[in-house]
Amino acid sequence: MNTDLMQDLVVVIPISVLFIVSFLPLLIKVFRGNQEPNPLLPLCYGFAGLVFATGFTAAMSGGQKTAFTNAIILDGASVWSSCLIYFLTAVGLMLAYDHAATRGRQFSEFCFLLISSAIGMVVLVMANDLIVTFIGIETMSLCLYILVAMSREEILSKEAAFKYFVLGSFASAIFLYGIALMWGTAGTTYFTAQNGIPGLGDQIEKLIAVNRVFVVGLGMVILGFAFKVALFPFHAWTPDVYQGAPTPVTAFMATAVKAASFVAFLRLFHSDGYSLSPNMMTVLTWIAVLTMLIGNVGAIVQNNFKRILAYSSIAHSGYAMVGLIAAAFGSDFNEGAASLLFYLFSYAFMTMGSFALIALFEKNENISLNVEDLKGLGRKYPVLGLSLTILMLSLAGIPPTLGFFGKFYVFSAAVEQDMYWLAFWGVINSVISVYYYLRPIVVMYMKEGESVEMMTSHLMTRLTVVASALVIVVIGLLASPAIRAVRAVIAMM
Amino acid sequence: MHVLSAITLLPLGFAILICLAPKAWVRPVALLLSLFEFGLSLGILGLFDKKSAALQLAENIPWIPEFGISYFLGIDGISLWLVLLTTFLTPIVVLGSWTAIDKSIKGFHAALFILQAAMVGSFLAMDAVLFYVFFELSLVPMYFMVGIWGGQRRIYATVKFFIFTMVGSLMMLLAIIYLMFSARDTVGQMTANLLTLYQLKIPFVAGDLMNPQTLLFFAFSLAFAIKVPMFPFHTWLPDAHVEAPTPGSVLLAGVMLKMGSYGFLRFVIPLFPEASQQYAWVFLFLGVVGIVYGALVAMVQPDVKKLVAYSSVSHMGYVMIGMFALNTYGVTGSLYQMLNHGVSTGALFLLVGMIYERTHSREIARYGGLAKALPIFTILFVIITMSSIAVPMTNGFIGEFLILMGTFAAQKGFAIVAVTGVVLGAVYMLWMVKRVFFGPAGELVKDEHHPLHDLNAREIAVMIPLVILVFWMGLFPNHFLDWSKASVENLVENKDNYQLSAGVKPKAVQVQGAVVAKDGK
């Protein structure tokens, strides 16, 4: 029993240590009479914790470990996505360190909340049980509600936080109710077998066919996920929240939250049973198609750069769904799942870089960057202009960038499973998206005018922009190792 | 020996060099580099065995083995002259834009070299995905070229160009992915290697649209038909041509359009033989419509550049019908016409650019009597016009004659209509020449405040190689066609079961197979 507990604890060492380390700056602040320490201090503590957590998680990789009576699972997918989440959190901290809205008097609180949210995500990706999944989602979301409201001057920030909070709570309640219904019908909330009771994955085939209550429960759980990853018709909060939140928080939400939720979503679908329910596939296919369409068409009419990227992130959820549907409803789970992970990985770099670029132009908290403000940017800041060009072309899926290979992979997963319809709509949407991804480039290079001033002192943010553009090209040209990596990860799932 | 890699990838290095060079040196350095590149590509002629139909100088390195994608370059009689056309036009364009481009010249020349790399790469790529990468990559520099250095409506034109091309090429991407999985089902492993894809037997049902081969055929055809552009997908072309700066128009007309017609020869006809033969009439019909429509619309254009743009639609119609005649004359003529069009339309755009630099106007009505004011310019323009309307002894004649002969053998009706296009072509070109160069002096010509100067030495130097080619290709077509003969015959004779080997010859011309195998490696 004792050794069991020890083994259980080992699995959660990274998140426990990370929690304690990120809490230290807050304690220091309290002992100093509520005086905010130098922002470097929480940043360094955060980095130290994240580096330790990443290293420890990576060291535990290989094979499958379970803990806490199977409720937590440490397999390829969870190790891989935890590392991605830690990395994105570190980048989020870097952006926040530079940004006017977050650097202010509450930076230690900010770091603590951001890291706690990341801990929630790590729990989410490791969850092998719907209850733990729920705990992960809630930990992640509660921190995010506050983070979104963090900007002191920006009025939109409060509105966004409130909207996100109310809608998010609804979604969580529905999610929880769905779990209850599933537990009531299946007798378990575990994804895999536990104490002789077959897991959800094993029962799905039987239950979907005969049990309406189970189907309703499953639908509610899917709805909960759909809200978190902004799928149609639960996407409406995204533009407002992404626009209102401080840009570093938006960058973090758009990348890490999406990655974590999609991995948990993938676990729910890790079962052969789904391939026998064509109705559900039809529904999800249409959700994916409409998500892509709404995102891309919505982005065309926007002028605010942050809103464009918000709609683009809705569209990208749709592309990721293509991979997920190929995994869940096809004959072969692995290729679709690997394509989804690869897509999330490529999407994270493109989106992080783009939001970092926006952060670079926000002098005050309540400034909003329109596309037209980029006039002449290409001539004024050539390196930055080139980076933004690469980021936009990658989001549009032009080869040889990482974004192209991400799309190539998900579409090929769909074609492999004979889901031509889905791949066709993905392609049509890629064409639509080209229009608005080209707009910043057009404005930046082809229109006369003086661009807004860049915050030249924000070194870490600039580094993020340039580095992500570089990564997009380099991994784009050398995609092979990354593809091998995600395949290996999925093989361990 | 990695000649092909060198001529594909060196321009990318050149682009970086240009960015690092001091501003005053950019043009001379660019000229030298592009001449060096041309010299290097001429080296291929020395290594190329013109009796062989096989893929030569092949280089194959795995790129993304997980999907069977490789960095696979090779050259044969079909791509040989197109590659040389690209490397030939680049120095001409650099010299031709010496004074026309004055805004951010570094960026311009860097874009030019990236474009060259992408164009050469797409002619040499023998891996479907690699081809797609180059095919799409070529959009980006052209997009900037039109968008930054273009005319008034440049942004509209460039975005339209980009999106039109994307629509087709993404459908092609899906088709490529499908082919890669079909290869997995037959060969046991996913691959985008074109030589393997040629061996696939893709199921075809005559008279039914919803079968794999027909759908794939149309997916590929759409991508290439937009690029060519074939009527009715041509609407992006006049916009892009008119708004593009002169060098952009030259490369767009001279080379980029050929990426489409080359795609038909390299992918569509050999990969989908049954569908190509079944639906050849569609392309013959649309090709003929394009010829007549392009010529009629060109006739009424008030703007010289737009007239040349529509003449491209008409000329590319010939390329299309020659190809889909699916016989040796037709395909040879079509290949030759691609080169002719590159030379003569490229030259026309350069000439239009030269006069535009002097008057800042392209309106035909404002000219007249230019022959007296600019004699050298007039002589050159008339020579190129003769080439464009296919007067015997010029290159255009050989191409159109072969195409019409091939089409007549295949489908008499289409050939008869296409012949009217030759007449119409003469009408719109000669009428334009009459209005611009002869008759009473127009307002721009007699404007005393801005006297017109005849071509200077640089501009003549730009035109000389093109004029030489016009006559060389017109008088000695075999100097060029001999090199492509084996490949074209292999394509036409084995069109039902096309095979291409890297090094070893196919059955049709087996005699000297062993020699080539040694050379190829």
#### Entry: Estimated dipole of the stretch B:69-175 in Debye, rounded to 20 [Cβ of Lys and Arg +1, of Asp and Glu -1, Cα centre]
460 debye
### Task
Using only Cα atoms, find the angle between the long axis of helix B:375-388 and the longest principal axis of chain B, and express it within 0 to 90 degrees, rounded to the nearest 10.
30 degrees
### Task
Compute the separation of the alpha-carbon centres of the stretch B:118-142 and the stretch B:371-418 and state it in Å as a whole number.
30 Å
### Query
By the scheme Lys and Arg +1, Asp and Glu -1, what is the net charge of all other residues having a beta-carbon under 12 Å from that of B:A192?
-1
### Task
For each of B:S104, B:S52, count neighbouring Cβ atoms within 10 Å of the residue's Cβ, then give the residues from fewest to most.
B:S104, B:S52
### Query
For the stretch A:393-493, what size does the Cα cloud have along each of its three principal axes, sorted from largest down, in whole Å?
50, 30, 20
### Query
If the cut-off is 19 Å between C-alpha atoms, which aspartates and glutamates fall inside it for B:K50, apart from same-chain ones fewer than 8 positions away?
B:E59, B:D76, B:D482, B:E489, B:E493, B:D519
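Considering every residue in A:426-433, what mean count of other chain Cβ atoms within 10 Å of its Cβ is obtained?
4
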### Protection-proxy order for peptides B:132-142, B:388-398, each taking the mean of Cβ atoms within 10 Å per residue, highest first
B:132-142, B:388-398
### Query
For the stretch A:201-217, in order, what is each residue's ³J(HN,Hα) by Karplus, 6.51 cos²θ - 1.76 cosθ + 1.60 with θ = phi - 60°, in whole Hz (x at glycine and Pro)?
x, 6, 8, 4, 4, 5, 6, 4, 6, 10, 10, 4, 4, 4, 4, 4, x
### Query
In chain B, with Lys and Arg counted as +1 and Asp and Glu as -1 at Cβ, which of these residues, B:I61, B:F164, B:M180, has the Cα nearest the positive end of the dipole, that is, farthest along it?
B:F164
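All other residues with a Cβ under 13 Å from the Cβ of A:S339 taken together, and with Lys, Arg as +1 and Asp, Glu as -1, what is their net charge?
-2
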### Query
Out of residues 5 or more away from B:D303 or on other chains, whose amide H comes under 5 Å of its own, with H placed 1.01 Å from N in the peptide plane?
B:I364
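Scan chain A and report its longest stretch carrying no GluC sites (Glu not before Pro) that are both in a DSSP loop and have at most 16 other Cβ atoms within 10 Å.
A:154-447
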### Query
Under the definition of partner shielding as Cβ atoms of other protein chains within 10 Å of a residue Cβ, what is the mean value for peptide B:169-182?
5
#### Entry: Inter-label distance for B:N60 and A:I28, nm, one decimal - labels placed 7 Å from Cα along Cα-to-Cβ
6.1 nm
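Are any of the pairs B:K227/B:K485; B:K258/B:K306; B:K305/B:K372; A:K407/B:K495; A:K407/B:K103 more than 29 Å apart by Cα-Cα distance, and if so, which? Before the final figure, lay out the partial values.
Values: B:K227/B:K485 25 Å; B:K258/B:K306 19 Å; B:K305/B:K372 22 Å; A:K407/B:K495 34 Å; A:K407/B:K103 36 Å.
Table pairs above 29 Å Cα-Cα are A:K407/B:K495; A:K407/B:K103.
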### Message
Please give the Cα centre distance for the stretch B:282-305 versus the stretch B:204-227, rounded to the nearest Å.
### Response
25 Å
#### Entry: Estimated FRET transfer efficiency (B:V300, A:S169; beta-carbon r; R0 56 Å; 0.05)
0.25
### Message
To the nearest 20 Debye, how big is the dipole of the stretch A:412-493 about its Cα centre, given +1 on the beta carbon of each Lys and Arg and -1 on that of each Asp and Glu?
### Response
200 debye
### Message
Please arrange A:F162, B:F164, B:F264 by how many other C-beta atoms lie within 10 Å of their C-beta, fewest to most.
### Response
A:F162, B:F164, B:F264
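Mind giving me the FRET efficiency for A:D4 and B:C19? R0 is 60 Å, r the Cβ-Cβ distance, nearest 0.05 is fine.
With R0 = 60 Å, the Cβ-Cβ based efficiency is 0.45.
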#### Entry: Net charge, A:L357 excluded, C-beta distance under 13 Å - Lys, Arg +1, Asp, Glu -1
-1
### Task
Compute the long axis of helix B:139-149 from its Cα atoms, compare it with the longest principal axis of the Cα atoms of chain B, and write down the angle in degrees, 0 to 90, nearest 10.
10 degrees
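Arranged by the count of other C-beta atoms within 10 angstrom, fewest first, what order do A:I432, B:I468 take?
If I rank by nearby Cβ atoms, fewest first, I get B:I468, A:I432.
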### Task
List the relative contact order of chain B as a percent without decimals, with contacts defined as Cα pairs under 8 Å and 6+ residues apart.
17 percent
### Degrees separating the helix B:478-493 axis from the principal Cα axis of chain B, which is the longest one
40 degrees
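Just so you know, all these numbers are worked out from the coordinates, no wet-lab data involved. The structure displayed is predicted, hence computed values, not measured ones. Cβ coordinates were reconstructed from backbone atoms using ideal geometry, including for glycine residues, and neighbour counts include every protein chain displayed.
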